[in-house]
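To start, the structure under review is shown below, and the notes come after it.
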Amino acid sequence: MTRLRAAAPRLLVAVFAGAGVLHFVRPSFFDPLMPRLLPARLHRPLVYASGVAELACAAGLARRARWAPAASTALLLAVWPANLQMALDAGSGRNEGSMDSALVAWGRMPFQLPLVWAARQAARSQRPGPTGR
């Protein structure tokens, strides 16, 4: 378990970096995930903003910045409604490819929990040990 705790923040760096880049390379992939409660004119700017936030969190976690674990946790909670929207729309043809599958879409929902756990492990690794270091 100790190895997993140590590796979790590095894995989250990879997830955030990959997803952040994808927000700019294929923003249309994320458009249908935007909750319809939000005005359509905000969808694309929010896709780009979340991509910037993911890249910033990836960089912060990689540098072990003090703000990065809390920011990463907040970001994961902020994008959770998009995953819910994708799950609610599963099978409607609104999502691309395999993301339109109910199994895939609903399967992503609990995946947020280990990601939040990984962000929290980054915070734990920044705490001083028993010797005060």
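Before moving on, here are some points about what is shown:
Residue-wise test of (1) on the phi > 0 side of the Ramachandran plot; (2) in contact (Cβ under 8 Å) with a residue 24 or more places away in the chain; (3) polar (S, T, N, Q).
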{"residue": "Q85", "(1), (2), (3)": "no, yes, yes"}
{"residue": "D89", "(1), (2), (3)": "no, yes, no"}
{"residue": "G93", "(1), (2), (3)": "yes, no, no"}
{"residue": "V116", "(1), (2), (3)": "no, yes, no"}
{"residue": "A122", "(1), (2), (3)": "no, yes, no"}
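- Flag not set for D100, criterion: touching a residue at least 40 places away in the same chain (Cβ under 8 Å), touching a helix residue (DSSP H, G or I) at 6+ places or on another chain (Cβ under 9 Å) and farther than 20 Å from R10 by Cβ.
- Of the residues contained in segment 77-93, none is found to be under 11 Å from the mean Cα position of the chain (by Cα), of a type in the set (G, A, S), modelled with pLDDT of 85 or more and farther than 20 Å from L37 by Cβ.
- Listed by first and then second residue, the pairs linking a residue in segment 2-17 that is surrounded by 12 or more Cβ atoms within 10 Å (Cβ to Cβ) to a residue that is modelled with pLDDT of 95 or more and of a type outside the set (A, V, I, L, M, F, W, C), with Cβ atoms under 7 Å apart and 6 or more places separating them unless they lie on different chains, are L12/S72; F16/E54.
The values are calculated or read from the model by the stated rules, or taken from the named source; none is laboratory data. All figures in this text were calculated on a predicted structure; none of them were measured in a lab. Here Cβ is always computed from backbone atoms with ideal geometry, including for glycine, and neighbour counts include all displayed protein chains.
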